[in-house]
1. What list of ³J(HN,Hα) couplings, whole Hz, do you get for the range 37-48 from phi and the Karplus terms 6.51, -1.76, 1.60, once you set θ to phi - 60° and write x for glycine and proline?
2. With +1 on the Cβ of every Lys and Arg and -1 on the Cβ of every Asp and Glu, and nothing else charged, how large is the dipole of the chain about its Cα centre, in debye rounded to the nearest 20?
3. Express in whole angstrom the spacing between the alpha-carbon centres of the range 274-327 and the range 359-376.
4. Sorting check: for 37-45, 362-370, 564-572, which peptide has the highest mean count of neighbouring beta carbons within 10 Å, and how do the rest follow?
5. Could you order the peptides 228-235, 490-497 from most to least packed, using the average number of other C-beta atoms within 10 Å per residue?
6. For every helix of n ≥ 4 consecutive DSSP H residues, a contribution of -39,500 (n - 2.57) applies; sum these over the chain, divide by its total residues, and give [θ] at 222 nm rounded to the nearest 500 deg cm²/dmol.
7. Answer with one residue from Asn191, Val239, Phe46: the one whose Cα lies farthest towards the positive end of the charge dipole of the chain, charges on Cβ with Lys, Arg +1 and Asp, Glu -1.
8. Of all chymotrypsin sites (Phe, Trp or Tyr not before Pro) in the range 210-285, which ones are in loop regions per DSSP and have a Cβ with at most 16 other Cβ atoms within 10 Å?
Amino acid sequence: MHPSDWLQFALFLGLLTLITKPLGLYLIQVLDANGRTWLDPFIKPFERITYKLLGIDPQHEQNWKQYTFAILAFSLVGVVFTYTILRLQHILPLNPQGLPALSPHLAFNTAVSFTTNTNWQSYGGEATMSYFSQMVGLTFHNFASAATGIAIAAALVRGISRTNFQVRSHSTTSDSKPTNLEVRFTATVGNFWVDLTRTTYYLLLPLCAVFAIFLVSQGMIQNFDASTTATTLEGSEQVIAQGPMASQVAIKMLGTNGGGFFNANAAHPFENPTPLSNFVQMLSIFAIGSGLTYYLGRMVKNQAHGWAVWAAMMVLFVSATLVCAHFEAAGNPIHQQLGITAADGNMEGKEVRFGIFNSSLFATITTAASCGAVNSMHDSFTAIGGLVPLFMMELGEVVIGGVGAGLYGMLVFVILAVFIAGLMVGRTPEYLGKKIQAREVKLAMLTLLILTLTILGFTAWASVSAWGLAGLNNAGPHGFSEILYAFSSATANNGSAFAGLTANPASGDPHYNITLGLAMLIGRFLMIIPIMALAGSLAAKQTSPPSSGTFPVNGATFTFLLIGIVLLIGALNFLPALALGPIVEHFLTTQGKLL
């Protein structure tokens, strides 16, 4: 790494730290149904109209089952809505290129992908999607799926922070002295419709409006023009796509969606025009997820705990970035065996204007944060360089993670860390005054098992099937890594890919589109159910005061215990599969063997 790389890395971490607290404080105002923000004079009337039109009582709270049902129902309608648009895009407006409708299996994959905040793309955006499909069918989900993730995180934090009863006094005497008390047990976690509305209106829309203007100032296009045909210096014709890009890129980054307007995503000069736009896009990917850790600390009245969770995420992130950058800077071992020593490292699949470190940093950020946007092609990384983004996803996207999803995923590991700490000291585990019992541990383990079984199950099926092998451009361990990466990305709702895998072949084989779509659904919604059940279980518990035997959930001891649990579970679940892919590929390439 050059001095400029270290300076940029330090600047990134410093700015991320600076914006974490103000964003966390603002999230508290947004996620409190009665909270007040400086945007109230402008947005409050629209919020009230929305509640009135939809028949929502903002004061009514839901238990975890009602909250979960609302999430599932809303998402199901969203899938059907987008699927219909994609199947009918050839007759809908804002299609100046006259693009045809998507096939049923590609429309299913795409609708599921954007509903689940995955934004996996089995297609080239500029050659497949009309402007209407991009703006209405897809960008709608970029807002809705991001808001849903934040809502789930808020529900789980409320479950942790709330007590399980309210006391009401009833008076029947003239002096208003209470004659009896009524204890009403509650286990509510908020109102999904309120959380969805407020997150969209007060957080995502304002931030994206400002961000989109900034992106336009950097040279990103925002228009409704048809494609431009230009004559190259050689005399041939080149088709240059146009379209409403800045508005979609803003929410794709802030909402950790990642779906690119162009097939090349953030490597395309229209989607990522300048070094400044590249830096700010990376920062925006982490911004809201980082702010949610401060929101956690303030809500549970233990700010040190929020910072401890943030610190665990940052240690994992910094370590992963340095490993990835080191192996990319070291270059291709096969080239070195042949006597070709590239001074600039492994530049295959990378933009010259970004270079090794910017590509490595972007790759680590986008896979740590469940974004999936890319400014380089991960399939061209070295074996260990490619292992880093793969492993970031297989940890469960808990290193900042998707907006909301990263926090509730990390809190699952917090539950397990507290449970293991309790076993070590021989006491009933407690987390912030609430006892962690068999039900909570089972729900946490169920969440992690769903992730693991889905990734490994689909990977195993594809790696021994004719349809799975037919989609590969590489054989051997790298080909296996392409399959493993695809299902890790889909299940973890990331959306990036080892681009050597063809998921939507010209032959029309639907297997990858369907299996990846199922993996996305499982990775999003089957994991949400136990997490919401965990929120309901914690909300129903009474809080006991801390004692001398209570394990503190702040400080260096807790942070490193949490890091150890995340790495241990990730290694136990995925090390055998990684050994068959990137690890064996690394040893083969260091011996100079072509794959």
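1. After applying 6.51 cos²θ - 1.76 cosθ + 1.60, I find 10, 6, 8, 3, x, 9, 9, 3, x, 5, 5, 5 Hz.
2. Numbers: 26 positive and 26 negative charges, 452 e Å.
The calculation lands at about 2180 debye.
3. 13
4. Values: 37-45: 12.9, 362-370: 29.3, 564-572: 16.4.
Top of the packing list down: 362-370, 564-572, 37-45.
5. Numbers: 228-235: 7.9, 490-497: 30.8.
Order by mean packing, descending: 490-497, 228-235.
6. Working: 22 runs with 343 residues, N = 595.
Helix contribution divided over all residues of the chain: -19000 deg cm²/dmol.
7. Asn191
8. Taking the range 210-285 and a limit of 16 other Cβ atoms within 10 Å, the loop chymotrypsin sites (Phe, Trp or Tyr not before Pro) found are Phe224.
Laboratory data are not the source of any read-out in this text; all were calculated from the coordinates shown. Please read these numbers as outputs of a predicted model, since none were measured by experiment. Please note: Cβ atoms are built from the backbone with ideal geometry, for glycine as well, and neighbour counts cover all protein chains shown.
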